[in-house]
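Only one structure is covered here, and it is reproduced in the block below.
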Amino acid sequence: NPTAFTAVETSTLDHWVRSGGTLVYADDQLDTRLAVAFDLHRGPLVPAEGSAATPALAGVQQVTDNGVTEPYRPTPDQAILIRQPAGSALAIEEKLGQGRVIALAAPEFICNGWLETADNGRLAADLLSLTHGTVAFDELHHGLTGGGGGDWTTQPLGLALGWGALAVFVGLLLRGGA
């Protein structure tokens with residue numbers, strides 16, 4: 001992980017889940033502290049392609065990221081939500097206190113670039129429908145630690161706007177209008 005969870009963050013997250021929060025944990029590099037706190041275990045690589053193993057994901061026939069991932073090895077208290085054809089768990093759920101943890105072995109299933117692939121978009125919508133209350137996305141632990149300006153300047157649109165503003169300024173400067 002670009003930024004691992006601290007002991008305080010892990011404890012706070014665990015308390016939030018047990019108090020009724022729903023954590024959707026999607027990371028291809030399992031955080032050690034979260035793995036211990038939420039009893040998450042991974043297995044050897046398998047194709048990241050599977051189907052819903054529960055009616056809770058109505059409408060999800062097939063999800064994929066066209067790659068490989070380390071599936072979860074569920075404990076007896078964890079239910080398989082998405083099963084790979086060979087039986088491996090690509091998504092699991094466990095009720096903890098008043099809340100629950102849903103762990104995805106392949107985060108690409110719900111990443112923007114993969115939402116139009118197979119039923120990935122439907123999976124993302126179904127996961128959101130399982131939550132109650134506020135939904136928040138943690139990008140800090142995925143390396144997006146830039147200050148208040150965000151990361152827009154490194155994105156294609158941000159770069160285009162920056163170059164466009166520079167071109168207008170230079171054009172005005174050359175014409176004597178600046």
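The values are calculated or read from the model by the stated rules, or taken from the named source; none is laboratory data. As the structure is a prediction and not an experimental result, all values here were calculated from the model. Ideal geometry is used to build each Cβ from the backbone, glycine not excepted, and the neighbour counts take in all protein chains shown. Only protein heavy atoms, including side chains, enter the accessible area calculation; ligands, DNA and RNA are left aside. Shrake-Rupley method; radii C 1.70, N 1.55, O 1.52, S 1.80 Å.
Restricting segment 32-46 to residues that are more than 15 Å from GLU94 (Cβ to Cβ) and β-branched (Val, Ile, Thr), the residue that is modelled with the lowest pLDDT is THR32. Looking across segment 80-100 at every residue that is farther than 18 Å from LEU30 by Cα and assigned to a loop (DSSP other than H, G, I, E, B), the one that is nearest to the chain's Cα centre (by Cα) is identified as GLN84. When each of PRO76, PRO55 is tested for being closer than 27 Å to ASP14 by Cα and at pLDDT below 90, the lone residue that passes is PRO55.
Out of all the residues in segment 18-31, is one or more of a type in the set (Asp, Glu), open to solvent by less than 50 Å² (accessible area, probe 1.4 Å) and either in a loop (DSSP other than H, G, I, E, B) or at pLDDT below 90 (or both)?
Taking segment 18-31 as the starting set, the residues that turn out to be of a type in the set (Asp, Glu) are 27-28, 31.
Among the residues that remain, those that are also open to solvent by less than 50 Å² (accessible area, probe 1.4 Å) are: 27, 31.
After this cut, where a residue has to be either in a loop (DSSP other than H, G, I, E, B) or at pLDDT below 90 (or both) as well, the list is 27, 31.
Yes: segment 18-31 contains one or more residues that are of a type in the set (Asp, Glu), open to solvent by less than 50 Å² (accessible area, probe 1.4 Å) and either in a loop (DSSP other than H, G, I, E, B) or at pLDDT below 90 (or both).
Which numbered condition in (1) surrounded by fewer than 19 Cβ atoms within 10 Å (Cβ to Cβ); (2) of a type in the set (S, T, N, Q); (3) at pLDDT 90 or above; (4) within 18 Å of ASP27 (Cβ to Cβ) is the only one that THR145 fails? Only one criterion is unmet by THR145, namely (3).
Listed here are the residues, each with its yes/no results for (1) of a type in the set (A, V, I, L, M, F, W, C); (2) in contact (Cβ under 8 Å) with a residue 24 or more places away in the chain; (3) open to solvent by 50 Å² or more (accessible area, probe 1.4 Å).
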residue: PHE38; (1), (2), (3): yes, yes, no
residue: ALA48; (1), (2), (3): yes, yes, no
residue: ASN66; (1), (2), (3): no, yes, yes
residue: GLU70; (1), (2), (3): no, yes, yes
residue: THR75; (1), (2), (3): no, yes, no
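For ALA103, the requirement of being among the small types (Gly, Ala, Ser), within 19 Å of LEU123 (Cβ to Cβ) and outside any helix (DSSP H, G or I) is met. If the condition is being closer than 15 Å to GLN84 by Cβ and under 14 Å from the mean Cα position of the chain (by Cα), then segment 102-119 contributes ALA103, LEU104, ALA105, ALA106, GLU108, PHE109. Looking at this structure, is PRO44 in a loop (DSSP other than H, G, I, E, B), free of Cβ contacts under 8 Å to residues at least 24 places away in the same chain and surrounded by fewer than 18 Cβ atoms within 10 Å (Cβ to Cβ)? No, not satisfied. Quick check on segment 92-117: of everything there that is under 22 Å from GLY133 (Cα atoms) and of a type in the set (Gly, Ala, Ser), which residue is most open to solvent (accessible area, probe 1.4 Å)? Once the filter is applied, the top-ranked residue is GLY97. Taken over segment 47-79, the criterion of being among the small types (Gly, Ala, Ser) and in a strand (DSSP E or B) is satisfied by ALA48, GLY50, SER51, ALA52, GLY67, ALA79.
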